[in-house]
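The values are calculated or read from the model by the stated rules, or taken from the named source; none is laboratory data. Everything quoted here is computed from the prediction, not taken from an experiment. Here Cβ is always computed from backbone atoms with ideal geometry, including for glycine, and neighbour counts include all displayed protein chains. The protein model used for the area step is the full one, side chains on, heavy atoms only, and it has no ligands, DNA or RNA in it. Shrake-Rupley method; radii C 1.70, N 1.55, O 1.52, S 1.80 Å.
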There are 2 protein chains.
Amino acid sequence: MADSHAPASPEKPGAASPAPAVTRAAAVLDALAASATGRLTLSDLSREVGIPKSSTSNLLLALEEARLISRQGAEFTLGRKLVELGAAYLGRMDEVQEFYRYCEQASVLSRETVRIAMLDGANVIYLARYEGHPAVRLTSNIGDKMPVSLCAVGKALVARLNWHDIEEMFPDDAELPVLTPKSLRTGAELKAQLREIREQGFAFEDEESTTGVVCLAVSVPTRGAHGPSLGLSVTALEATYTPEQGAQMVKELQELAHSLGNPMG
Amino acid sequence: MADSHAPASPEKPGAASPAPAVTRAAAVLDALAASATGRLTLSDLSREVGIPKSSTSNLLLALEEARLISRQGAEFTLGRKLVELGAAYLGRMDEVQEFYRYCEQASVLSRETVRIAMLDGANVIYLARYEGHPAVRLTSNIGDKMPVSLCAVGKALVARLNWHDIEEMFPDDAELPVLTPKSLRTGAELKAQLREIREQGFAFEDEESTTGVVCLAVSVPTRGAHGPSLGLSVTALEATYTPEQGAQMVKELQELAHSLGNPMG
DNA sequence: GCTGATCGTTCAGTCAACTGAACGCAATCC
DNA sequence: GGATTGCGTTCAGTTGACTGAACGATCAGC
């Protein structure tokens, strides 16, 4: 390491990729997605990803031809093709379609803000959102990620994992990300809640990500052997939330979850 | 599908890509997105994209490591990373955020189904959708594509192009895709409408994509020199549509378009 | 207007990725 | 049951992609 300031660990040291150009191209896309403005120059990307400029230039040319990125003057941004591909992914998930259909005709959920999310490591990714409650407008969009410890649906999904994996992901003294005064702070706190969630069959969030907002969530039994873990959540305003309401919402969430887990209903 | 899968010429004959592995990887993603079920085996992909199996195998390994695809047994599907990247693209578009904000507080549009779309060759891609009208549920989702001749927003966007380019894209005898009895059939028909749209400043669709549904649309003046062409549309049921309603909707659409085209309003 | 730095592109040499045939394996057909 | 078809993987040879330094272009500073 002659270079003192290694910007990150962009290269894979041990494992050689079977198609390095593809791995590098993916790193370029990640760098663009992670950057603050979403606009980077060739030199920026070359530095960020840690590959020579000339190689980066070739990658960018190929990515641009594939519409995966777009060049505007000297700056590169993510390309619109990514929207199409992401949409193709979501469109293929029957669960998302079924989710919309169910929410529309449910008695309570049809008037609430409901979301379906997927577990991705220590985060959840929101896949779709049904907005039946005009007063509850979420700041998070489809595709956004959220640490599992900060949302009901994250806790519901993690509670389904093997306890051994949970212990590994969240040691007792693990420091968790904090968004509000009520956010959980340590792995021990989280695991105490996970035990509760396992017993009662649903998860809750009491202003842990946003003050004034509460959530309820359940996990969907995995359809088939493969496939990602899905979860469902309802968001409500703390000011108007009542336990009776909550009980009914959980009931409908569980019904939807069961229907999603056992297709061809 | 604009391109019926031609098994013969999947390769770029004349132009050699500066990073063929990336171009090929993109072709693999396209093939997965275009396939009926979204699930293809290595051999399927090898045949579809027209590259040797061993090479395809390496590509798939790299793509899987990057989470751009996912393997389930012997079948490959698009990966969840694509949802993140697509979301990152949309999240960077200030126009989408502003679109939501405006729709929520508009007097008429807040109770309608509104969409924002972008021109992509001879198609439009839907970027976001605001659902203020419970009775109007669209079958098309975010990221879906639609031929420009079949929707109001497509016609609004094409009407903005140079007439020379329009003539090239749509010769008089060009055959247009047809979805309903009212769909436009020829380039001549389309261009007649485009002239009308240029004069009145907004576009319309009279059951050309879906029977019983009408649309109004305007284009957004391009922000800055670069950047994609954006368009806005409102969808209404033909049965309840009135011209007075339409006039008000067009007014608000144009207001939003103006605001999107001139930021920091 | 000149200097300096930074940016993106070009080019030839070298190394590594791609090819294609052969392999093991599983499911299918007769 | 045996044969056959199709799948995905392996491996060595060869072609083609990647590197890195030098080039011209652009912009900021004095």
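Take the stretch B:16-36 and flag every residue that is open to solvent by 70 Å² or more (accessible area, probe 1.4 Å) and modelled with pLDDT under 85.
In the first step, residues of the stretch B:16-36 are kept if they are open to solvent by 70 Å² or more (accessible area, probe 1.4 Å); the result is B:16, B:20, B:24, B:36.
Listed by number, the residues that qualify are B:Ala16, B:Ala36.
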message = Residue under question is B:Asn141, and the condition is that it be over 28 Å from B:Asp30 (Cα atoms) and either within 14 Å of chain A (Cβ to nearest Cβ) or not aliphatic (A, V, I, L, M) (or both); does it hold?
response = no
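Taking the stretch B:40-55, which residues are in contact with a Lys or Arg (Cβ under 8 Å, 6 or more places away or on another chain) and near DNA strand C (Cβ under 8 Å from one of its atoms)? Steps first, please.
The initial filter retains those residues of the stretch B:40-55 that are in contact with a Lys or Arg (Cβ under 8 Å, 6 or more places away or on another chain), namely B:42-43, B:46, B:49, B:51, B:55.
The answer is B:Ile51, B:Ser55.
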inquiry  = For the condition more than 8 Å from every other protein chain (Cβ to nearest Cβ), within 15 Å of DNA strand D (Cβ to nearest atom), of a type in the set (Asp, Glu) and more than 23 Å from A:Arg24 (Cα to Cα), what is the one hit in B:Glu64, B:Glu75, B:Glu98, B:Glu112?
reply    = B:Glu75
query = Are any residues in the stretch B:82-94 open to solvent by 30 Å² or more (accessible area, probe 1.4 Å) and more than 7 Å from every other protein chain (Cβ to nearest Cβ), and if so, which ones?
reply = B:Asp94
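Kindly check whether there is at least one residue in the stretch A:165-176 that is closer than 27 Å to A:Glu112 by Cα and either hydrophobic (A, V, I, L, M, F, W, C) or surrounded by 13 or more Cβ atoms within 10 Å (Cβ to Cβ) (or both). Walk me through how you get there before you give the answer.
If we filter the stretch A:165-176 for residues that are closer than 27 Å to A:Glu112 by Cα, which is where we start, we get none.
No: zero hits.
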remark   = B:Pro147 fails exactly one of (1) open to solvent by 30 Å² or more (accessible area, probe 1.4 Å); (2) at pLDDT 90 or above; (3) within 12 Å of DNA strand D (Cβ to nearest atom); (4) within 28 Å of A:Tyr100 (Cβ to Cβ), namely (3)
